[in-house]
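The values are calculated or read from the model by the stated rules, or taken from the named source; none is laboratory data. These numbers were taken from a predicted model, which means no experiment stands behind them. Methodologically, a virtual Cβ is constructed for each residue, glycine included, from the backbone with ideal geometry; neighbour enumeration extends over all protein chains shown.
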Amino acid sequence: MPEARTGQLSDTNSLHVYNVELLSNHPACEGHFEGNPILPGVVTLEYVRIAFRQFSPKRKIRSFSRAKFTHNLKPGEKLIIHFLAEKNSMVEFQCFDSEDHQIAIGSLKAE
């Protein structure tokens, strides 16, 4: 997705951490919602998918088993994706903003 700058960090408490800096004019935010733009949940999950591909390039996401969105992310903010644990091909993830507000939590099934 060209509407963000991406990079990686290592983190001792996570399997992998991935940073996404949303551009202030991110097109997905325009119509969601008028006067109060936020990043749609489906776009957040797309960034999780992209981050997982960096974390584990030979594997694919089979499905998102669960995803709960807990806080809004606005254009221009940073999305920080943590992959926390893996068990039986299920990978847990959490997403935060730069102020450490949890944006989303969930798990995905990888193959």
Unique residue being over 14 Å from Val17 (Cβ atoms), surrounded by 14 or more Cβ atoms within 10 Å (Cβ to Cβ), out of contact with any helix residue (DSSP H, G or I) (no Cβ under 6 Å at 6 or more places or on another chain) and at pLDDT 95 or above when the list is Leu45, Leu73: Leu45
Test for Arg59: is it surrounded by 13 or more Cβ atoms within 10 Å (Cβ to Cβ) and either in a helix (DSSP H, G or I) or out of contact with any Cys (no Cβ under 6 Å at 6 or more places or on another chain) (or both): yes
Residue match in the stretch 80-90 (condition: assigned to a strand (DSSP E or B) and among the charged types (D, E, K, R)): yes
The listed residue being closer than 13 Å to His16 by Cβ and polar (S, T, N, Q), out of Ser56, Ser89, Ser107: Ser56
